[in-house]
Structure formats: C-alpha cells, structure tokens
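Each reported figure results from applying straightforward, stated rules to the coordinates on display, with no laboratory input. All values reported here derive from a predicted model rather than from experimental measurement. Neighbour counts run over all protein chains shown; Cβ positions are idealised from the backbone, glycine included.
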C-alpha cells in the first residue's frame, strides 16, 4: 500500500513542529509527513495562506495540516475541508485554508472538528496544533472516514481573508505587501500587466521607485520608505546586494535583494501600502 501523505505548515519555528510530528507518527507510523513551511511569520494568516497556495498544488493528494492560529482557544472553529481533488485540509477557520482549497478543486464539504475520540485525551487551550489538528489529521490519514470528524458547516459561512487588489492609475500602481517570503522577498498585490498598464513598458533595467507608506517605527515619528530600484527578469540581473522588482514564480510583483533580505533591510511587513512609479 502507498504510504499516506500528511503535509504540515505552521508558524511554530524550529521547536513546535517536532511535537506535532511525534503525535502524528504515534497514530500513523507509516505516514509520509512533508514539511511545507514552519517559518511563516508569527500570527500572519495571510503569509501562511500564501505558502499553502504556493505549495499544495505540487503535493500528492493527502491530508494537509496548517496551523497559523492567533485565535487558538477562542470560539473559532477547528475545521476540516474536503476538496474536489480528494485532499482534506485541517486547520482553524480563520481564512488560512480557503485559497489553497480552491487550488485543489474547490471545497466540496466543510466540517467542524468535534469528534473528541480523534483528539488527544487532554486538550489544552493554547496548543490545538498538537492536541486537535495533528491527531485528527493522522487518524484521517489512516483511513478514518471524513464524515466522522464532526458536523457539516456551511461553506459560504467560512471565514475568508480579504484579497488585496491593486489600483492602476496614470503613472503609478497603488498596491500593498501581501506576503514576506522566507528569504525576505516581498510580494505585492498585482501582476506585471497591472504595472505595465500603470507606468508603461517594462524593459530589463528600467528604473522604478517603490514607496512604502508612512509607518510609525515606535518612536512616534511616521516615516515613508523609498526604494529606488530597477525592473528585472531574475535575481541575478542586478549585482549581489542590489534590489530588483520582478515577477515571482506565481506571476505576482515582487521586490527582492539579490542574495539579501529586503524585508529586514527596510523593516517591512505584510499589509503595508505601497506605490510603484517610474523614475
């Protein structure tokens, strides 16, 4: 028989995933557990959702556990989503799972995870990743019927993240940061076509200016951040350490430092408004 596949994403960093993996292996010792990303910025549901959209279409059909759960212990539902491709996504009802489920054939059924026989015997109020999500995923990987996890919940009532949309204006594109990748690359809402429609043709090496809206760094003084860069086709189209604006592997606009961390260098985070112009 083929080994069951469980993929695993979290914002736990280096320590937490081992505990959850131990729980899963204890129930499903033959499972093939694939770690997607455990360096999602803490509490960033949007970054976690973007990582799932990026990775899950390339994974085998299986059980996909995702835990970015700032509302752990509150009234938010533990959720299981069955997709058209045959996968099951496990995680909190906070918008984390929705876009990835769409990429896997759409949501065909949603259930609240309520069957306590699939949980650990003792459930904490602060580590549902270990106590609820991991054991439920492992039981499903071992063949427990999806219908056994709990009651059906309306798909239309699931929490959804607001999708940022760029504004194409004469001479500028107004957008925002939608994710920060593990290397520090910044992804914006919008595509090459959006930027072309705003500022004209994009030839390699064309100078562009990226202005990040004013933000208080903690000292009571709001500051804008301006990055003068160039349009490019690859990271290596600029010298090491220089920045480049380009399309990422999903076709979205992205700002990167060649072999550097632009998010750290400029002090950037998700949802910050951005304006891109020529110069």
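Distance between the modelled labels on residue 85 and residue 204, one decimal in nanometres: 3.3 nm (7 Å Cα→Cβ projection).
Once you reduce region 141-213 and region 253-277 to the center of their Cα atoms, the two points are 14 Å from each other. Using R0 = 51 Å, the C-beta based FRET efficiency linking residue 25 and residue 265 works out to 0.80. Fully extending the segment from residue 193 to residue 249 would add 18.7 nm, taking 0.36 nm per residue of separation and subtracting the current Cα-Cα distance. Computed over the chain, the percent of Cα pairs more than 36 Å apart is 24.
If you run the Gaussian network model on the chain, springs between alpha carbon atoms under 10 Å, then out of 182, 98, 90 the most flexible one is 182. In region 167-278, the C-alpha radius of gyration followed by the widest Cα-Cα span (Dmax) gives 13.1, 40 angstrom. Shape analysis of region 5-157 places it in the rounded category; the axes a ≥ b ≥ c from the Cα gyration tensor give an a/c below 1.5. Once the Cα-Cα distance is subtracted from the 0.36 nm per residue extended length, the residue 152 to residue 165 segment shows a gain of 1.5 nm. Computed extension gain for residue 34 through residue 226, at 0.36 nm per residue and net of the alpha carbon distance, reaches 65.2 nm. Restricting attention to the chain, close to 75% of DSSP beta bridges with both partner residues there are antiparallel. Helix 16-27 and the longest principal axis of the C-alpha atoms of the chain enclose an angle of approximately 30°.
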